Structures are given as structure tokens and as C-alpha cells.
Amino acid sequence: PEQHDEEEEYQRAQDVAGDGPPVVLLHGPMANATHWAGIIPGLAATHRVIVPDLPGHGASETTGDGRIDAGRVMEWLGGLIAQSCKTPPALVGQLLGGAIAARYASTHGNRLSRLVLVDTFGLCPFQPVPEFGRALSQFLAQPTERTHTDLWHHCAFNLDELRQRMGERWQPFEAYNLDRARAPSVQAAVATLMEHFGIPAISTSDLARIAAPTTLVWGRHDHATPLAVAEEVSARFGWPLHVIEDCNDDPPVEQPEALLRTLRVALAGD
């Protein structure tokens, strides 16, 4: 019963917009569905867009014993797709969401129309550049406005420009990030999901089993997983690679217009 309740909670924590071929968007660690807000209206003009909070993130707080493991996450994603999509969807995952999406695609490729991996974790062991690693550790240990700013200097290519562009939306964006980062349940969920999906590399054999047409999208200045990793994987598997300029690892927030254009190309086969 506890597992059933938890899965229902996961499935309630999602937004749906638009009509057309289904697309599921999976966000990154310590984030939530609102990180896709810059592309949802444009994408919803041509697609049915399903945007969940990952287990333990955003509004998707765990219930019961609060346990999250790899098997239950795969069941959660499979259940969400079955419940929300009448036809096989395109699955788009960023960072941690990309690692989850890729592992799902390696065993359930027949349930997807295509796969798009945006600055995804899991293509190599998680080893961000040292400065980024320190900023991330400090933010996780003590989420404050200062440590959030320090972290976002690595997440964004030009944080000052991003703040200016977001205008009055930056403060609530930062406040929500801090609120969620301070929640013990979110901290536990991030640690568990990173342990199972974000930190270890997906094996070459598992990546080779991905049957759905796959596209890579990367910020040129990604400090978490360098562009060179995506270039190597693209060459190995023949997956198209689209590079977004003036961007680090968070195109949905930093370069939503460029990401939307790229997604339209990647999803054109739907």
C-alpha cells in the first residue's frame, strides 16, 4: 500500500500542456518541473507536453517510508508514460533526468518514439571540474543565497546576464531552489538518485541497446560533463549532437529559445 500511495503522489506532481505527439521532460537534480517553463509554451504549440517533478523533487515529495531505488524509479517513469501518453512519447532528459531517461531507454526503447539527452549525466562518471565540485558541495551542505549564487556561476555561462533577462522572476526562482534544497526529503532524494543514476557511468553495452532515435544537446561550456564527452558518444553511436552557444549545463533556464529550436529539429520525426 505504501508503494502504491507513493507512486500516486509521483504521478500527481506533473503538468500537462498542449496537444499533439507526447513529449515527457525530465529535469535535473535539485530542480523541478518549472525549470522547463521557458520552453513549455512553444513546445505545447505542436506537442502534448508532460512535465513531472522527479521523485522526491518539487511537489513530488515521497510518502510512506520515503525509499527511492533504481527499480522504483523505472517503475515510476513507466507508469507515468503509460498513464499520460496514448502513443510512445519522445523522452527528453536533462542532467540527472537525462541519466534516468537513458537507462529507461536502454530497456524500454520500444515504448519511446525518440530520446533527447540534454547535458546528461551518466555518459561518464560524474566528475565536474574542481571549482564546480566545490561550489556544489558547499551549496548542498549549506543552501544560502551566497552558495546558490556561487553554484550558478558554474551552471550559467553568464549569470549576470541571466539574472537581468529573468528580471523579477529570478528572486522566486532562487527562493524556491533554496526552499527545496533545505528540505531533508529533497536532500535524501537527490543523494539516492545521484547514487543510482547520476554518478556512475552507463555501460557502453547499455547505451548500445537504446533503440529509439537519440539526439544529444549540449551547452558548449558545460562544467559538469564536458562537451568532449558528448562528442565522443556522438561519434561512437552516430547520435546527432547539437551544441548551444553561450551556455553551460542548463539550457532550459539559460538559453530556452535556442533549446526550443533544437528540440523542434530533434522531434521533427514524430
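The values are calculated or read from the model by the stated rules, or taken from the named source; none is laboratory data. Being a predicted model, the structure only gives us computed values, none of them experimental. Backbone-built Cβ (ideal geometry, glycine too); neighbour counts: all protein chains shown.
Below, the figures for the structure above:
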| item | result |
| --- | --- |
| Tabulated pairs, the stretch 28-53, first on the phi > 0 side of the Ramachandran plot, second in a helix (DSSP H, G or I) and not small (G, A, S), C-beta under 6 angstrom, 6+ apart or interchain | M30/V190 |
| Some residue of the stretch 135-157 being in contact with a His (Cβ under 9 Å, 6 or more places away or on another chain) and without any contact (Cβ under 8 Å) to a residue 12 or more places away in the chain | no |
| Residue in the stretch 103-119 that is at pLDDT 95 or above, of a type outside the set (S, T, Y) and surrounded by fewer than 19 Cβ atoms within 10 Å (Cβ to Cβ) present | no |
| Qualifying residue in the stretch 140-154 (condition: within 25 Å of L259 (Cβ to Cβ) and surrounded by fewer than 16 Cβ atoms within 10 Å (Cβ to Cβ)) | yes |
| Residues of the stretch 43-94 classified as under 22 Å from L259 (Cβ atoms), among the small types (G, A, S) and at pLDDT 90 or above, total | 5 |
| Some residue of the stretch 241-264 being within 26 Å of M74 (Cα to Cα), assigned to a loop (DSSP other than H, G, I, E, B) and at pLDDT 95 or above | yes |
| Criterion: surrounded by fewer than 20 Cβ atoms within 10 Å (Cβ to Cβ), in contact with a Phe, Trp or Tyr (Cβ under 8 Å, 6 or more places away or on another chain) and of a type in the set (D, E, K, R) - qualifying residue of R182, R163 | R163 |
| Per-region count, the stretch 12-26, residues in contact with a Gly (Cβ under 9 Å, 6 or more places away or on another chain) and modelled with pLDDT of 95 or more | 3 |
| Residue count, the stretch 191-232 (criterion: touching a residue at least 12 places away in the same chain (Cβ under 8 Å), hydrophobic (A, V, I, L, M, F, W, C), surrounded by fewer than 22 Cβ atoms within 10 Å (Cβ to Cβ) and part of a helix (DSSP H, G or I)) | 5 |
| Criterion (farther than 19 Å from P29 by Cα and in a helix (DSSP H, G or I)) met by exactly one of A175, A235, A188 | A235 |
| Lone qualifier among D119, D179, D160 - being out of contact with any helix residue (DSSP H, G or I) (no Cβ under 6 Å at 6 or more places or on another chain), of a type in the set (D, E) and closer than 26 Å to L241 by Cα | D119 |
